[in-house]
Amino acid sequence: MLANHPDKEQIRLENVLTALGNPLRLTVVRVLAGGGEHACSAVLSGIPKSTLTHHWRVLRDSGVIWQRPFGRENLLSLRREDLDTRFPGLLDVLLGAVENDELTQESTTRNLPPLSSK
């Protein structure tokens, strides 16, 4: 099964904002913003696999992440370059707001894996 990754020109702001309106998905973006690829099982902890699959699909289909198969799992990475091209400064503003707002920071830290917690 091939994942649906919209072309850069097809990424729509309303889809990105909807995807990032969920604390778990915003947490994923916080983790992936550090760069590189991350195994899907290492991004969040304590979340059922079926729930994670749903969140990966929403982020992927909205154009926020890349997802590629690697062995028995998938690797995830942030589509930073594409998002910065389409919506300059959006990710920086959102990530900055997360870091500067206690309530949002709390809700997006709750499900980080123990080794990644700040």
Go through I11, I47, I65 for me and flag whichever is modelled with pLDDT under 90 and open to solvent by less than 80 Å² (accessible area, probe 1.4 Å). I47
I need every pair where a residue in region 85-110 that is under 18 Å from L17 (Cβ atoms) has its Cβ under 9 Å from the Cβ of a residue that is among the small types (G, A, S) and part of a helix (DSSP H, G or I), sequence separation at least 6 or different chains. T104/A97
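The values are calculated or read from the model by the stated rules, or taken from the named source; none is laboratory data. Because the structure is a prediction, the values reported are computed rather than measured. We place every Cβ from the backbone using ideal geometry, glycine too, and count neighbours over all the protein chains shown. Heavy atoms of the whole protein, side chains included, go into the accessibility calculation; ligands, DNA and RNA do not. Shrake-Rupley method; radii C 1.70, N 1.55, O 1.52, S 1.80 Å.
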